[in-house]
1. Mind running the shape call on the protein assembly as shown? Use the C-alpha gyration tensor, a ≥ b ≥ c as the square roots of the eigenvalues: rounded below 1.5 for a/c, prolate if a/b tops b/c, oblate otherwise.
2. Which lysines, on any chain, are close to residue F:83 with Cα under 28 Å apart, when same-chain ones fewer than 8 places away are left out?
3. Count, for each residue of B:80-86, the Cβ atoms from other chains sitting within 10 Å of its Cβ, then give me the mean as a whole number.
4. Could you state the angle between the C-alpha long axis of helix D:61-70 and the longest principal axis of the C-alpha atoms of chain D, as a value from 0 to 90 degrees rounded to the nearest 10?
5. Karplus couplings for the stretch F:26-43 from phi (6.51 cos²θ - 1.76 cosθ + 1.60, θ = phi - 60°), rounded to Hz, Gly and Pro as x?
6. Using only atoms on other chains, find how many Cβ atoms lie within 10 Å of each Cβ of peptide D:41-50 and report the average.
7. Partner chain Cβ atoms within 10 Å, averaged over the residues of C:88-97 - can you pull that number for me?
8. Using 7 Å Cα-to-Cβ label points, what is the residue F:76/residue D:75 separation (nm, one decimal)?
Protein chains: 6
Amino acid sequence: MYFKSTFFEDYTLGDKRVTLGRTLTETDFVVHAGHTGDFFPHHLDAEWCKTQPFGQRIAHGTMVFSIGIGLTASEINPEAFSKGYDRLRFIKPVFIGNTIRSEVTISEKTEGKKPGYGQVTEHVEIFNEHGEVVLACDHLLVVKLRPQHA
Amino acid sequence: MYFKSTFFEDYTLGDKRVTLGRTLTETDFVVHAGHTGDFFPHHLDAEWCKTQPFGQRIAHGTMVFSIGIGLTASEINPEAFSKGYDRLRFIKPVFIGNTIRSEVTISEKTEGKKPGYGQVTEHVEIFNEHGEVVLACDHLLVVKLRPQHA
Amino acid sequence: MYFKSTFFEDYTLGDKRVTLGRTLTETDFVVHAGHTGDFFPHHLDAEWCKTQPFGQRIAHGTMVFSIGIGLTASEINPEAFSKGYDRLRFIKPVFIGNTIRSEVTISEKTEGKKPGYGQVTEHVEIFNEHGEVVLACDHLLVVKLRPQHA
Amino acid sequence: MYFKSTFFEDYTLGDKRVTLGRTLTETDFVVHAGHTGDFFPHHLDAEWCKTQPFGQRIAHGTMVFSIGIGLTASEINPEAFSKGYDRLRFIKPVFIGNTIRSEVTISEKTEGKKPGYGQVTEHVEIFNEHGEVVLACDHLLVVKLRPQHA
Amino acid sequence: MYFKSTFFEDYTLGDKRVTLGRTLTETDFVVHAGHTGDFFPHHLDAEWCKTQPFGQRIAHGTMVFSIGIGLTASEINPEAFSKGYDRLRFIKPVFIGNTIRSEVTISEKTEGKKPGYGQVTEHVEIFNEHGEVVLACDHLLVVKLRPQHA
Amino acid sequence: MYFKSTFFEDYTLGDKRVTLGRTLTETDFVVHAGHTGDFFPHHLDAEWCKTQPFGQRIAHGTMVFSIGIGLTASEINPEAFSKGYDRLRFIKPVFIGNTIRSEVTISEKTEGKKPGYGQVTEHVEIFNEHGEVVLACDHLLVVKLRPQHA
C-alpha cells in the first residue's frame, strides 16, 4: 500500500493488473452476515441449502464484490476518486472454499464534463480458481488531468 | 426474515419500502477493512485524514453499499434472484457516527428475454440522518412470471 | 425488522411462530469465546474434547441461547419490554455444524402488579436439524394494556 | 483457566467470588449484533435512541448475560456441569462505556434426584461501575458427590 | 484472571507452568489477517499453498506468538511489567487444526540496573498436539524487589 | 501485495522503507483481547485504568507488534523466510487513538551457516503520531544467495 500519482493522461487503454488470490472461507460468510445483517439462509443455513439447486451455502453478492475490490486496494492514486460502479453482475455462485482473484483492465477513457478532470473506467473481473468469472463490474474513476505548465 | 412469494406481476411501479436505521461506528470501519483487506488511510488513519479536505475518516464505498443493502434483507422472495446492480454511485461521504437507512422503490419492470421471467428494477437510496442521499443504485431482480393455469 | 404495536390483550395463548434456521459454525464458536472471554477447552480444544464423552467441541450455552434468541428478533413491539428469562435449560449439546431454529409459543398471560401492564410468557424452544430441543426457556415480557377510550 | 475438582460436599453456602471488571464498548455492541443477528435500533441506532426515554443505545440483554457469565469462566470443575439458569432478570440498562464485573455466591445446595449427584445454585449478580446490579440470575450446577471409600 | 503480588525474590529458577490447549482454526487465520492487514497467500490462499512445499495454509508467526502468549495470561502480577522478548523463533509451521499450549519456565534472574528492581526471564515454549515446539521465546520481566522493613 | 525476488546480495545495509499509518482504535483493543484471550484490565477495564499511573487503557504489546509488523506486509520475497525476532522491546505505551507506522531498516547481513543462504536483519521501529518509537525489534530473515551460473 503506497501513494503514486497517476493522471488521466497516464492511464492506457488495455492496461491490465492482476491480484493475488484469497480463499473465501466459512468464516468470511459468517463475518459478512454479521457485518451487514443479512442472515438469509442461502448464506448461513447449510441444511436448507441442501434442498436447493446449488446444494450448498453461496456467498453474499456484496461479499464477493467487497472482497474482490478489496484485493485491488494496493496503489493509492491521490489524483483520482471513485465515482461508483456500473454493470455490476453476479455471474456465477461462489462457494465456501473457492479462491478468488481480481483482474482490472483500463477499458474506457472520456474527458469528463468536470473541467480539469477525465473519467477512467476500470473493468473488473473476479475469477474463481477454475478461471471462471464469478463477478464483473465497471469501476468509474474521476481523475485529474496532468497539470499544464506555461 | 421470512419467505414470501412475489411474482413479476405482483410488483407495482412506485411501491416503496423503508428500512430502520443503523449507526455506522468506528467498529464497522475497522471490521470492513479487516474483512476486505482495504486498509487505505482514508478509512483507517485519523491523523492523515486531518490533513485532507474531509478532515476525518470516511467509510469504504463497499461498506456503505453492503450494509445499506443488508438493511433491506428482510423478506425472502423465492421467485426472484439478484442479477446485479447498475448505476451504483457514491454521492456523499459517510463518517463515523452517521446513521443510515435505505429506501427501495420499484422503478422499472421489463419482460425479460428469458421465457417465464421478467426483470424488476429496485431503485435503492441510502440516506444519512440528515436526510441526504449518500449512495444510490439500481438493483436488478430476475423474477418468475405468475404460473398460468389452463 | 419492523415496528408493530401489540398490546397485552392481543397476545393469544398457544400462538406460535417459528424462525428460519442458522448453521452454527466453528467461526461462531471462536467468535463467542472471543466475545465473552470463555476459552474453556470444552469449546475450543479439539484434542482434549476427543478424550471426553461427547468426543468433540460443544457450543457455549450462552451462545446457543444468544443466537437462538437472536433468531427471533424480527418484529419490534414498542408496547413491550423484556424482564428476563425463567427456566433456561441446556437440554442437549450443540456441535459445530448443527443447524438451529427457534420456536416461540405464547404460554402464559398474567395481569401484572404494575398498573397498566400485564406479563406475557413466551416459551422458547431451540431445535437442531434433527428436530431435537437443545435449549428451552421462558421469556418474560411486560406488555402495556390496550389504552381505554372513555 | 485451570482444572480443579470440587465435589458437592466442597461447596459452602455463602461462599462468594468476585471477578475483575470489563468495560463494555461500542465494539461489543456491534459484535453482539453481528454474532446474534439482533440489529434492533435499541442497540444500534444512536439517532433513534435519542428519541427514547433512555436517550442512548442500550446493551442487548443476551450480551450482558453472556459477557457477565464469561467473566466467571476461570476455574473448570470437571465434577460439575451446567444445567441452566433460573430467574434471569434484566435489572438496569447497560450503556456503552459501562464497566461490569460479576459476583458469584453459593446460594443453595440440594441433593438431587440423580443418584451420586447434588445440585448447587450459584447466585450471580452483575454490577456496573456504580455498584448497581444490572443483571441477576441463578446458575444451576449438577455436581458429583465425593466418592465414598469402603 | 486475578491479581497476585510476586516479587523478584519469589521467582524460583526452573519453576514451570503449563497452560491448557487451544485449537487454531481457519477462523483464527482469517481474523488475524483482518486484524493485522497481512493477507499474504501463505496464510489465506489455499490454492497457492497447494503448490508450495508445506502444501497447505500456515499460521502467521505473529498469531502463534500472540495466541501462545495469550494462553499464559491468567495471573496478573502488579509488581512486574513486561520489557519485551528475546530470541523469538518460529521453529515449526502451524496449520489449521493444530492445537497449541504454552509452557513457561523461569530461566534467568538478574538484579537489574534499575534500583529496586530485578529482571526475570521466562522461557516460553509453544507446543503443538504432537508435543513439538513450534515457537520459543524469552519473555523479559522487570520485577520489584521485596520491600525491606527496617 | 505482490511477489518480488530479492536475493541476499540484493539487500543493502542502511536501506529503509516506511509504511503508511493506521490508527489503533478501541475496536482493535477488543478484537485483540478476543483473538488472544488476554482480557487483562490494563487493556479492557477503563475504570481500573483510571486508578493506574497511565490513566487509561493501554494496548497489548502483542497487538502493537502484530499490527506494526502487519503494516510492513506488502512485498513478498519468495527467496526469504522469517526465522524470528530478536530484541523486541516495548518502549512506550500505546493508547486508544494513537496512529502507528513502521520503519524497516536493513541493519545487518551475515553469511549464514546454512549453505546457499545468508541472514539479513531488518531493524523495525514502530512510531506513534508524535514521532516517538513505541516498539522496536530485529527481524531475522534467512535469504537465498543469488544462484551462480557457471
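The values are calculated or read from the model by the stated rules, or taken from the named source; none is laboratory data. Predicted model, so just to flag it, every value in this text is computed and none were measured. Note that we place each Cβ from the backbone using ideal geometry, even for glycine, and neighbour counts take in every protein chain shown. To get the accessible areas, we keep the full protein, side chains included, count just its heavy atoms, and leave off ligands, DNA and RNA. Shrake-Rupley method; radii C 1.70, N 1.55, O 1.52, S 1.80 Å.
1. Working: a/c = 1.67, a/b = 1.00, b/c = 1.66.
It comes out oblate by the Cα gyration axes.
2. Counting by Cα, and skipping residues close in sequence, residue F:83 has these lysines nearby: E:16, E:50, E:83, E:92, E:109, F:4, F:16, F:92, F:109, F:113, F:114, F:144.
3. Mean inter-chain Cβ contacts per residue within 10 Å come to 6.
4. Around 40 degrees separate the two axes.
5. Taking θ as phi minus 60°, the curve returns 4, 4, 4, 4, 5, 5, 5, 4, x, 6, 9, x, 9, 9, 4, x, 4, 9 Hz for the stretch F:26-43.
6. 6
7. Per residue, the number of nearby Cβ atoms from other chains is 3 on average.
8. Distance between label points: 4.9 nm.
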